[in-house]
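Report on the following structure.
The values are calculated or read from the model by the stated rules, or taken from the named source; none is laboratory data. These figures come from a predicted structure and were not determined experimentally. Glycine also receives a Cβ, built like all others from the backbone with ideal geometry; neighbour counts cover every protein chain displayed. Areas reflect the complete protein model, heavy atoms only, side chains present, ligands, DNA and RNA absent. Shrake-Rupley method; radii C 1.70, N 1.55, O 1.52, S 1.80 Å.
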Amino acid sequence: MNDTIYYLASCDTCRKIIKSLPNTDRLKFHDIRQNPITEQELDVLHQLSGSYEALFSKKAQLYKEKDLKNKSLTEADYKRYLLEHYTFLSRPVFIINDKIYIGNNQKNILEVIKVLS
(Lines give C-alpha, C1' and ligand atoms only; values in the text may rest on other atoms or scores of the structure.)
Protein backbone atom coordinates (compact mmCIF):
# COMPACT_ATOMS: atom_id res chain seq x y z
CA MET A 1 0.00 0.00 0.00
CA ASN A 2 1.30 3.44 -0.94
CA ASP A 3 1.93 6.11 1.67
CA THR A 4 -1.64 7.26 2.24
CA ILE A 5 -3.62 9.64 4.38
CA TYR A 6 -7.25 8.76 5.08
CA TYR A 7 -8.95 12.00 6.00
CA LEU A 8 -12.09 14.08 5.68
CA ALA A 9 -11.68 17.08 3.37
CA SER A 10 -14.42 18.98 5.23
CA CYS A 11 -12.71 18.49 8.62
CA ASP A 12 -10.94 21.63 9.86
CA THR A 13 -8.59 19.59 12.03
CA CYS A 14 -7.57 17.38 9.09
CA ARG A 15 -6.98 20.45 6.89
CA LYS A 16 -4.88 22.12 9.59
CA ILE A 17 -2.78 18.98 10.05
CA ILE A 18 -2.27 18.53 6.31
CA LYS A 19 -1.14 22.17 6.03
CA SER A 20 1.51 21.55 8.72
CA LEU A 21 3.01 18.50 7.00
CA PRO A 22 6.21 18.52 4.94
CA ASN A 23 6.54 16.61 1.66
CA THR A 24 2.84 15.84 1.23
CA ASP A 25 3.49 15.17 -2.45
CA ARG A 26 4.57 11.66 -1.47
CA LEU A 27 1.16 10.93 0.09
CA LYS A 28 -1.89 9.57 -1.65
CA PHE A 29 -4.89 11.53 -0.34
CA HIS A 30 -8.01 9.48 0.33
CA ASP A 31 -11.08 11.53 1.28
CA ILE A 32 -13.25 9.03 3.13
CA ARG A 33 -16.49 10.88 2.40
CA GLN A 34 -15.96 11.09 -1.36
CA ASN A 35 -14.41 7.65 -1.57
CA PRO A 36 -15.58 5.42 1.31
CA ILE A 37 -13.12 2.89 2.66
CA THR A 38 -13.58 -0.57 1.23
CA GLU A 39 -13.58 -3.71 3.32
CA GLN A 40 -10.23 -4.65 1.78
CA GLU A 41 -8.70 -1.27 2.74
CA LEU A 42 -10.15 -1.53 6.23
CA ASP A 43 -8.66 -5.01 6.61
CA VAL A 44 -5.20 -3.58 5.76
CA LEU A 45 -5.70 -0.82 8.36
CA HIS A 46 -6.78 -3.49 10.84
CA GLN A 47 -3.69 -5.59 10.10
CA LEU A 48 -1.43 -2.60 10.75
CA SER A 49 -3.26 -1.34 13.85
CA GLY A 50 -4.06 -4.67 15.48
CA SER A 51 -7.76 -3.97 16.04
CA TYR A 52 -10.82 -2.31 14.59
CA GLU A 53 -11.41 -0.58 17.90
CA ALA A 54 -8.07 1.25 17.53
CA LEU A 55 -9.41 2.75 14.28
CA PHE A 56 -12.78 3.69 15.77
CA SER A 57 -13.61 7.23 16.85
CA LYS A 58 -15.57 7.42 20.07
CA LYS A 59 -15.82 11.18 19.53
CA ALA A 60 -18.12 10.79 16.51
CA GLN A 61 -21.57 12.32 16.87
CA LEU A 62 -23.13 9.08 15.64
CA TYR A 63 -21.39 7.26 18.51
CA LYS A 64 -23.33 9.43 20.94
CA GLU A 65 -26.56 9.37 18.90
CA LYS A 66 -26.57 5.57 18.73
CA ASP A 67 -25.66 5.40 22.45
CA LEU A 68 -22.81 3.02 21.60
CA LYS A 69 -20.87 3.78 24.78
CA ASN A 70 -23.54 1.88 26.70
CA LYS A 71 -23.26 -1.16 24.44
CA SER A 72 -20.68 -3.90 24.58
CA LEU A 73 -19.12 -3.71 21.13
CA THR A 74 -17.13 -6.56 19.61
CA GLU A 75 -14.41 -6.29 16.96
CA ALA A 76 -17.06 -7.37 14.42
CA ASP A 77 -19.29 -4.48 15.57
CA TYR A 78 -16.45 -1.96 15.22
CA LYS A 79 -15.72 -3.25 11.73
CA ARG A 80 -19.38 -3.06 10.73
CA TYR A 81 -19.72 0.53 12.00
CA LEU A 82 -16.48 1.60 10.30
CA LEU A 83 -17.78 0.25 6.98
CA GLU A 84 -21.27 1.68 7.60
CA HIS A 85 -20.27 5.34 8.03
CA TYR A 86 -17.06 7.32 7.45
CA THR A 87 -17.51 9.35 10.62
CA PHE A 88 -16.55 6.35 12.75
CA LEU A 89 -12.96 6.36 11.48
CA SER A 90 -10.59 8.14 13.85
CA ARG A 91 -8.98 10.75 11.59
CA PRO A 92 -6.62 11.27 10.04
CA VAL A 93 -5.08 7.84 9.50
CA PHE A 94 -1.66 7.76 7.89
CA ILE A 95 0.10 4.76 6.45
CA ILE A 96 3.73 5.62 5.85
CA ASN A 97 6.44 3.05 5.21
CA ASP A 98 4.00 0.28 6.21
CA LYS A 99 3.44 1.83 9.65
CA ILE A 100 0.10 3.23 10.77
CA TYR A 101 -0.56 6.50 12.63
CA ILE A 102 -4.13 6.92 13.87
CA GLY A 103 -5.80 10.12 14.99
CA ASN A 104 -4.90 13.72 15.56
CA ASN A 105 -3.13 13.74 18.91
CA GLN A 106 -0.01 15.89 18.98
CA LYS A 107 2.45 13.04 19.60
CA ASN A 108 1.09 11.19 16.58
CA ILE A 109 1.27 14.21 14.28
CA LEU A 110 4.83 14.99 15.40
CA GLU A 111 5.79 11.40 14.50
CA VAL A 112 4.22 11.80 11.05
CA ILE A 113 6.04 15.10 10.49
CA LYS A 114 9.32 13.43 11.49
CA VAL A 115 8.76 10.48 9.14
CA LEU A 116 7.82 12.74 6.22
CA SER A 117 10.78 15.11 6.74
Name the residue farthest towards the positive end of the dipole of segment 60-117 from the options Leu82, Asn108, Ser72, assuming +1 on Cβ of Lys and Arg, -1 on Cβ of Asp and Glu, about the Cα centre. Asn108
Which one, Tyr78, Tyr101, Tyr63, has the greatest fluctuation when you compute a Gaussian network model over the chain with C-alpha springs under 10 angstrom? Tyr63
Give me the one-decimal nm value for the distance between modelled label points at Phe29 and Lys16, 7 Å along each residue's Cα-to-Cβ direction. 1.8
Taking the Cα centre of segment 43-117 as the origin, how large is its charge dipole in debye, to the nearest 20, when only Lys and Arg (+1) and Asp and Glu (-1) carry charge on their Cβ atoms? 280
Taking the chain as a Gaussian network, where each spring joins two C-alpha atoms under 10 Å apart, which residue of Leu83, Leu27, Leu73 fluctuates the most? Leu73
If you average the alpha carbon positions of segment 92-116 and of segment 44-63, how far apart do those two centres end up, in angstrom? 15
With a Förster radius of 22 Å, plug the Cβ-Cβ distance of Val44 and Glu84 into 1/(1 + (r/R0)^6) and report the FRET value to the nearest 0.05. 0.75
Choose one answer from Thr13, Thr24, Thr74: the residue with the largest mean-square fluctuation in a GNM of the chain with alpha-carbon springs under 10 Å. Thr74
Relative to a virtual label point 7 Å from the Cα of Lys66 in the Cα→beta-carbon direction, which members of segment 79-97 show backbone nitrogen distances below 20 Å? 79-93
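Measure off, as a whole percent, the carbon and sulfur share of the 1.4 Å-probe accessible area of segment 1-84, all protein chains present. Could the numbers behind the result be given before it?
Numbers: 2370 of 5240 Å².
Its accessible area is 45 percent carbon and sulfur atoms.
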For the chain, what does the accessible surface come to per residue with a 1.4 Å probe? Please give it in Å². 59
With x for Gly and Pro, the residue-by-residue ³J(HN,Hα) of segment 99-105, computed from phi through the Karplus equation 6.51 cos²θ - 1.76 cosθ + 1.60 at θ = phi - 60° and given in whole Hz, is 10, 10, 10, 10, x, 10, 5
